[in-house]
Structure formats: structure tokens, C-alpha cells
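The values are calculated or read from the model by the stated rules, or taken from the named source; none is laboratory data. These numbers come from a predicted model, not from an experiment. Because the Cβ atoms are built from the backbone with ideal geometry, glycine has one as well, and the counts that use them run over all protein chains shown. With ligands, DNA and RNA removed, areas are computed over all heavy atoms of the protein, side chains included. Shrake-Rupley method; radii C 1.70, N 1.55, O 1.52, S 1.80 Å.
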Amino acid sequence: MVDLHLTLDEQSGLARQIYDQIRRAILTGRLPAGTRLPSSRELAQSLGIARNTVTAALDHLVAEGYLQARAGVGTFVSPDADPAARSAQTSRSSPLTPVPLWRGETPQVPVLDGEPPAYDFRTGLPDDSRFPYPAWRRHVDVVVRRSSRYAVYAGPAGPPALRAAIARHLGVSRGLSVGPDDLLVTDGVQQALSLLAQVLVEPGDVVAVEDPGYPPARRAFEFARATVVPVPVDEQGIVVDRLPVRATAVYVTPAHQFPLGVRMSLARRTALLEWARAAGAAVIEDDYDTDFRYGARPIDPLHVLDDSGRVVYVGSFSKSMLPALRVGYCLAPPALLDALLRARFVADWHGSSLTQLALAGFIDDGHLAAHVRRMRREYEQRRDRIAMLLDEGFRPHLRPIPTVAGLHLAARCEGAGHDTVAAWVAACAKQGVAIGSVGDYALGEVEPGVVIGFGAVPVGRIDEGLRRLRTIIES
Ligand SMILES: Cc1ncc(COP(=O)(O)O)c(C=O)c1O
């Protein structure tokens with residue numbers, strides 16, 4: 001039963017006011033279908049009015065189908081009272097509007113509910129069916145049982161235990177020598193980028209991004225009113241010679257370019273750092289999915305190669321664990337880190353200590369490393385299978401781009417334009433096959449291509465999914 005909040009502002013027309021307020025609560029979804037209302041006696045008592053006034057209002061709502069009275073049980077919001085169907089009535093016009101920057105329809109928030117596609121080659125999704133939920137539950141349980149110690153507000157940087165665990169993880173897996181105090185825990189890479197955009201960028205500042213590139217990153221800078229400049233990417237990564245002469249920052253994905261899947265060569269990394277020095281720019285290095293590396297000898301992250309303090313390194317547990325955790329981190333030089341901590345405090349003070357502490361325990365007990373090891377073998381098989389099928393069966397239409405890490409790969413399209421690729425993608429979707437088009441990630445002129453994620457597609461579904469794609473391409 002709900003504790004219904006009604007306010008009666010005068011002593012006349014009371015039944016009408018009760019009727020209006022309950023009806024509005026139902027139509028706006030505040031009282032969902034099936035909710036049990038307090039009895040007329042309780043309502044009358046709490047409002048200090050006669051019971052028959054309340055009964056009159058409730059009877060009216062029952063007669064109109066908003067409520068259902070079940071004899072001897074109570075009064076419930078009717079299952080037919082669908083707020084969505086009537087929301088047009090209730091979303092009355094209002095003089096309130098957002099500032100112009102937020103008035104348009106961008107960015108469109110993706111709708112991710114519903115059944116996943118049968119052949120799920122979407123990017124950015126890890127295989128949640130293989131996640132070690134029992135171990136995760138145990139660590140959540142440990143924290144929740146001790147929650148009285150952790151249930152209060154905490155510092156914006158995130159728990160020291162988690163920062164220490166991340167520092168160790170980065171030392172072992174990426175060769176980064178960092179300590180817990182160099183790190184800020186964030187709600188994913190996306191929040192790290194959004195905070196960085198706040199503390200680094202003034203309106204009109206130039207921020208260079210890879211093209212094609214990761215749209216959510218670009219948006220963080222656009223919505224901080226930066227001038228975003230697209231820079232082409234080739235087989236060695238971002239084309240440094242095409243970077244603007246001066247910029248406030250450049251955002252790159254050197255370990256596994258999104259979406260082309262190439263790895264930035266050492267020569268390019270060195271050139272990029274030289275450019276950053278000359279341009280006075282910060283380099284934002286997004287290393288979002290290279291816990292999964294397949295054989296190739298690692299190349300040092302920009303953060304390791306840099307000796308000028310210009311690189312900010314961001315990472316995520318969205319691929320190595322689950323996107324739903326919303327945990328990532330940012331490794332920044334002290335002056336910037338201090339501003340980031342204050343920006344985080346302004347934004348939301350800090351993230352969920354419960355999740356973050358459970359994660360610290362999970363990493364310390366070796367579950368992250370074990371899960372990554374297991375999944376690396378699995379993902380490598382998927383990558384190999386897809387690369388093999390593309391190599392053998394899709395030439396001359398598609399030319400796969402070699403990829404040595406992460407959860408997706410791309411293939412250039414020979415002799416097909418972006419429109420053709422978009423038509424393939426749409427035809428695939430009708431057949432339950434979800435793939436991406438490079439064009440969807442582009443700002444300027446880029447070569448057409450397809451993007452194939454393998455985080456969410458089991459090995460056993462790859463052949464049939466790609467067979468359907470081939471039939472469409474060849475038709
Ligand atoms: C390039 C890139 N960066 C970062 C992320 C992860 O972001 P988050 O940590 O906000 O989930 C993704 C996910 O797909 C990505 O593709």
C-alpha cells in the first residue's frame with residue numbers, strides 16, 4: 001500500500017481535489033497499475049475530512065476505470081490505466097525550456113531495451129553470460145554486510161582500496177607506474193571525458209578527435225562548447241600530420257582504435273607526443289578494451305612514453321567486466337587531478353561506494369585477472385573465426401583490417417559507398433544480424449566499411465550471422 005501524498009488547499013470541493021490529484025498521479029505514472037491505495041477510512045483520517053468525501057472521489061475514479069475496488073481486499077490502480085497512452089494529455093505545455101545547446105534532439109539517447117538480435121555483432125558489449133556472478137555476489141555481500149561502515153558520504157576520488165587495486169592492475173597489465181593518489185575513479189570512461197571537458201576546455205577551444213571515432217567522446221567536448229576538429233586515421237592510427245597546429249586537447253584510442261580496430265604504431269605515438277608539445281595540447285588516451293590482447297607484443301601506452309606530463313589516461317571496467325557497473329578511472333597529473341576531483345564533487349560528489357568497494361575486493365581476490373584470462377581465450381577464438389571467414393569468403397567486397405586487441409574489428413568495403421553499406425546494415429537487421437557501418441562514426445570523408453563486434457556473439461553463431469551478411473552483400 002502506498003503512502004499517498006495529497007494536499008487539500010481549501011475546505012470546499014474536497015472530493016474534486018482528491019479525484020484530480022489521484023487521477024493525475026495515475027496518469028503521470030506516479031501511481032503505477034496495481035498499486036494498492038490506502039482505505040477510505042485511512043485517507044479521511046490522514047486528511048482530517050469526512051470519510052464519505054473520500055468515498056465519493058474514489059467511487060468516481062472506479063466508475064471511470066482508473067481504480068478497481070476488490071471487495072474485502074482494497075482499492076487498486078486499474079491495470080488498464082496506462083500512463084503512456086494518456087501522457088499527451090498530462091504533458092501540459094510549460095514555459096520552461098533548456099538553453100539553446102540542449103534544445104535540439106541531439107544526442108539521441110540509444111534505446112537498449114528489448115531482445116538482443118539473434119546474431120549480435122554490436123560493438124562495445126562484453127559477454128555477460130560468462131561473467132562470474134557468484135564471485136561478484138560474494139564481494140557485494142561482504143560490502144553490504146559491513147555497510148554501516150561505508151554507508152556515509154565519501155571522497156570524490158573513490159575508495160583508496162579500489163584506487164590501489166586499479167594502480168596494481170595497470171602496473172601489471174599496461175606497464176604504468178602509478179599510485180592510488182594519481183587516480184580518480186569515475187562512472188565509466190564517459191564521465192571521465194565529461195569531467196575532463198569541463199576542466200580543460202573553454203568555449204571555442206579546439207579539440208581534435210579521430211575520424212572515424214567514438215561519438216560519445218566527441219560529444220563530451222562538443223557539449224563543453226569546444227570546436228571539435230576531425231582528424232583522419234590510417235593503418236597506423238591518427239594521422240599526426242593532419243592535426244591542427246594548435247589545440248587544447250586531442251582524444252585518441254591508440255591501443256585499439258574505435259571503430260577501425262588498428263593499433264597506433266610506435267612511430268605515430270612518438271610523433272603525436274611531439275605534436276602535443278608543440279601545440280600545447282593535452283593528449284587524452286582512452287584504453288577502454290585492451291585487457292583483451294591477442295598475441296601481439298604490447299606497445300607502451302602514450303602515458304608511459306610521455307615525459308612531459310601531457311597525457312591523461314582513461315580506462316573502464318565496462319568491457320573487462322560489465323558496462324552496467326559504470327566504473328572507470330582517470331589517471332591525470334596532480335594539478336588536473338585536483339580540478340577533476342572538485343568537478344566530480346560538483347557533479348555528483350562521488351560514485352557508489354558499495355559497487356566500488358565490491359570491485360576492489362573482486363580485483364584483490366584475483367577474479368578480474370582470472371575472468372580476463374578466460375575471456376581473452378574466448379574472444380580470441382571469435383576474432384580468429386570472423387577474420388578467417390572475412391578473408392576467405394568476402395573478397396573482393398570486404399578487406400578486413402587486422403586487429404590485435406579488443407572486442408571488435410572492421411573491414412573496408414571495396415567498391416561500395418556509405419549508402420550501400422547502410423543498406424546492407426539495414427537488410428542485416430531485418431534478418432536478425434546486427435553489424436555497424438564505419439560511416440556512422442564519421443564526421444568527414446572516410447572510407448566505407450563495416451564494423452563487427454564479437455563481445456556478445458557466441459562462436460557458434462558467427463558462421464550463420466556472417467553467411468547472412470554475405471548473402472546480402474552478394475545479392
Ligand atoms: C572508445 C570507447 N571508449 C570507452 C568506452 C567505454 O565507456 P564507458 O566506460 O563509459 O562504458 C567504449 C565502449 O564501447 C568505447 O567504445
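Can you tell me what share of the DSSP beta bridges in the chain is antiparallel? A percent to the nearest 5 is fine.
Bridges in the chain that DSSP calls antiparallel: roughly 55 percent.
Which percent of the accessible area of the chain is formed by carbon and sulfur heavy atoms (probe 1.4 angstrom)?
Values: 11810 of 22730 Å².
Ligands and nucleic acids excluded, carbon and sulfur reach 52 percent.
Looking at the calculated P(r) for segment 248-398, what percent of the C-alpha pair distances fall above 20 Å?
Details: 6829 of 11325 pairs.
Cα-Cα pairs in segment 248-398 separated by more than 20 Å: 60 percent.
Along each principal axis of its Cα atoms, how long is segment 323-441 end to end? Whole angstroms, biggest number first, please.
52, 33, 30
Cα atoms only, the chain: Rg and Dmax in Å?
Answer for the chain, Rg first and Dmax second: 27.1, 83 Å.
Within 10 Å of each candidate Cβ there may be at most 14 other Cβ atoms; applying that plus a DSSP loop requirement, which GluC sites (Glu not before Pro) in segment 216-281 survive?
Numbers: sites: Glu222, Glu235, Glu274; in loops: Glu235.
Counting only loop positions with at most 14 other Cβ atoms within 10 Å, the GluC sites (Glu not before Pro) in segment 216-281 are Glu235.
Taking each full run of DSSP H in the chain as one helix, which ones are at least 15 Å long along their axis (Cα atoms) and have mean Kyte-Doolittle hydropathy of at least -1.0? Could you put the intermediate results ahead of the total?
Working: long enough: 14-27 (20 Å, -0.04); 51-63 (18 Å, 0.41); 133-145 (17 Å, -0.42); 160-174 (20 Å, 0.27); 188-200 (18 Å, 1.19); 266-279 (19 Å, 0.13); 334-348 (21 Å, 0.79); 353-364 (16 Å, 1.12); 367-393 (39 Å, -1.16); 418-430 (18 Å, 0.59); 459-474 (23 Å, -0.29).
Sorted by number, the helices that extend far enough and score high enough are 14-27, 51-63, 133-145, 160-174, 188-200, 266-279, 334-348, 353-364, 418-430, 459-474.
May I ask you to give the solvent-accessible area per residue for segment 14-90, in square angstrom, as obtained with a 1.4 angstrom probe? Write down the numbers at each step before the final one.
Details: 4030 Å² over 77 residues.
Ligands and nucleic acids excluded, the result is 52 Å² per residue.
Using a simple spin-label model with points 7 Å from Cα along the Cα→Cβ vector, what separation in nm is obtained for Arg70 and Ala335?
In this crude label model, Arg70 to Ala335 measures out at 6.6 nm.
So how long is each side of segment 14-90 along the principal axes, counting just the alpha-carbon atoms, biggest first, in Å?
34, 26, 19
Let's test the formula: R0 of 56 Å, r as the Cβ-Cβ distance of Asp440 and Thr55. What FRET efficiency results, to the nearest 0.05? Intermediate results must be reported in sequence, preceding the final value.
Details: r = 58 Å, r/R0 = 1.04.
After rounding, the FRET efficiency stands at 0.45.
Taking 0.36 nm per residue of sequence separation and subtracting the Cα-Cα distance, how much length would be gained by fully extending the chain between Phe131 and Ala370, in nm to one decimal? It would help to have the intermediate numbers written out before the result.
Working: separation 239, 0.36 × 239 = 86.04 nm, distance 1.08 nm.
Length difference between fully extended and current span is 85.0 nm.
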